[in-house]
Amino acid sequence: MSKNFIMAYSCGKDSTLTLYRMIERGYKPVCILVTTGDGEDSWFHGINKNLVKKVSESLGIDLLFANCSADKYEENFVSALKEASDRYDAKLCAFGDIDIELHRKWDLDMCKKAEIEGILPLWNEDREKLTLEFIKRGFKAVIKKVRLDILNEDFLGKILDEDLIIDIKKAGSDVCGENGEYHTFVFDGPIFKEKVQFNVIEKKTNEKYGEITIN
């Protein structure tokens, strides 16, 4: 079986650790697949496309954007999987989900429709241990987005480290942010050729979320 794989990539810590694990196991990443809305940012983490391109260049892995409007998200995601599979001869896609069964089912359903296999290397592992592993492996991530009903805007722009994990726990949040308490942008680590430079443009909030705009 081919060792080529597609990485469903968010630029966040869990998908980055997944990518690292897959490479460590001898698999070859042939592209990172990043979903975007109708604008210039990625879904969920809100990373600007130009910044995603910098990440791709630093990782040395091809980039494929999947333009997934809300009403056709699944359809367009499957199409992107098929395109990546055909272009790179990859019959495997890796996802960074940890233990939410609904997410795992969605991942595998999308892969089945694209006629490829899905794999979740972090599945059912301890959330806190995974977060600590990410840090101890030497990865660097900034807090990009927070749910304001759990974490306040003071967390925005901070670098994820062991001290910040303590503060996140004290605030009553899941350490890993698996339920969407916070999202990260990974800009450096052992699989990056060089640190991805970025600038914080602004901090903004609405009723539910706080986030920083970076480019």
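A few points about this structure:
- Among the residues of the range 156-179, those that are within 23 Å of Asn215 (Cβ to Cβ) and of a type in the set (Gly, Ala, Ser) comprise Gly157, Gly177.
- Count of the range 67-119 residues which are exposed (fewer than 14 other Cβ atoms within 10 Å of the Cβ), in a helix (DSSP H, G or I) and not charged (D, E, K, R): 2
- Any hit, the range 87-95, residues being at pLDDT 95 or above and within 17 Å of His183 (Cα to Cα): yes
- Within the range 174-201, being within 17 Å of Asn50 (Cα to Cα), part of a strand (DSSP E or B) and not β-branched (Val, Ile, Thr) holds for Phe185, Phe187, Asp188.
- Residue in the range 120-137 that is farther than 17 Å from Leu19 by Cβ, in contact with a strand residue (DSSP E or B) (Cβ under 8 Å, 6 or more places away or on another chain) and either in a helix (DSSP H, G or I) or in contact (Cβ under 8 Å) with a residue 40 or more places away in the chain (or both) present: no
- Residues satisfying the stated conditions in the range 70-119, i.e. touching a residue at least 60 places away in the same chain (Cβ under 8 Å) and farther than 18 Å from Met7 by Cβ: Asp99, Ile100
- Within the range 180-205, being without any contact (Cβ under 8 Å) to a residue 24 or more places away in the chain and more than 15 Å from Lys144 (Cβ to Cβ) holds for no residue.
- Counting only residues that are touching a residue at least 60 places away in the same chain (Cβ under 8 Å) and buried (at least 18 other Cβ atoms within 10 Å of the Cβ), the range 55-64 holds 3 of them.
The values are calculated or read from the model by the stated rules, or taken from the named source; none is laboratory data. As the structure is a prediction and not an experimental result, all values here were calculated from the model. FYI the Cβ positions are ideal-geometry reconstructions off the backbone, even for glycines, and counts take in every protein chain you see.
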